[in-house]
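So the structure is just underneath, and the comments pick up after that.
Read-outs: derived from the displayed coordinates by stated rules, not from any lab. Computed from a prediction, not measured in an experiment: that's the story for all the values here. Cβ placement follows ideal geometry from the backbone for every residue including glycine, while neighbour counts extend to all protein chains displayed.
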Amino acid sequence: MSQKKLYFFANWKMYLDYDESNILANGLAEEIKNKERNYEMTIFPNALSLQTTSQTLNDVGVNTGIQNGYWIDKGGYTGETSFIMAENVGCKYALVGHSERRHQFKETNHEVRIKLENILNNTRLTPVLCVGETQQERAEDKTLEVLEAQLRAAYDSLTWNKERDLIIAYEPVWAIGTGNACEPLDAQIQHERIKKIVNQLISDIKPIILYGGSVNAENSFDYLKQEDISGVLVGGASTKLESWLQIIKNAEKL
Ligand code: PEP
């Protein structure tokens, strides 16, 4: 396996119900429990399955994370789950600003920022910030502008405790769930840009940047071999045990 530390993050979205999530978590735990590993694996199940999947997966060294959370710890916020509540059931990570949140649920850059602040100030979770441009923004040559705006809103003047990894997922909106993956060399260019912008916003930090958007067992290797791609955030292909295990196995060739 590669010299660089690799990150395999699985976003199960709302694809799997409680039983299906637990069956997949148990199957995964069974497959990897005695295998030596030098990569970081994190699963983001639906919120209802967080506690049970965390128990199963944390036991075998696999982390769990919440797909979305609210920026206040407790109170009259019907239907919400706070980040600290996720930490209390075993989570280590939190996705923030996933494109499905930004576009389907109209989450703004400001909301992304206050979620980040809550996570950093009130929890020990590591946030995974998702950024990426839409098809139209790319067609209008606005990719850099969009990435800069999302990153600036998230990190400008933010105090970062260097003990905590700074993780970003570059997920072009047009590549998510479409089968239309970004060319690996193109993704590498965007990762380089993201790294540069983050370094201007927060000093002395080495961002870990994952690629997400239609990653599967056939194309994952082409991303992982790029210099500034530290891992993958995978939706659909992570919800089937064989394809998820194959994505991990492909990295052995690095
Ligand atoms: C995602 O939801 O973060 C994602 C990358 O989805 P998919 O792999 O299905 O495109």
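Data for the structure
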quantity	calculated
GNM result for the chain, Cα springs below 10 Å: residue of N22, N11, N121 fluctuating most strongly	N121
For region 19-65 versus region 159-238, the gap between their alpha-carbon centres in whole angstrom	22
Counting all C-alpha pairs of the chain, share separated by more than 34 Å (%)	10
Selected from G177, G61, G75 as most flexible by GNM, with the chain as the system and alpha-carbon contacts under 10 Å	G75
Listed residues A187, A175, A139, most fluctuating in the chain (Gaussian network, C-alpha, under 10 Å)	A139
Residues R37, R101 arranged by fewest to most Cβ contacts within 10 Å	R37, R101
Contact order relative to length of region 38-117, as percent, for alpha carbon pairs under 8 angstrom and 6 or more apart	28
Largest-first principal axis extents of the Cα set of region 121-192 (Å)	38, 23, 20
Residue order, fewest to most beta carbons within 10 Å, for S99, S157	S157, S99
Average Cα contact separation per residue, region 7-253, under 8 Å, 6 or more apart, as relative contact order %	18
Residues K35, K240 arranged by fewest to most Cβ contacts within 10 Å	K35, K240
Summed side-chain charge close to L210 - residues other than L210 whose Cβ falls under 13 Å, Lys, Arg +1, Asp, Glu -1	-1
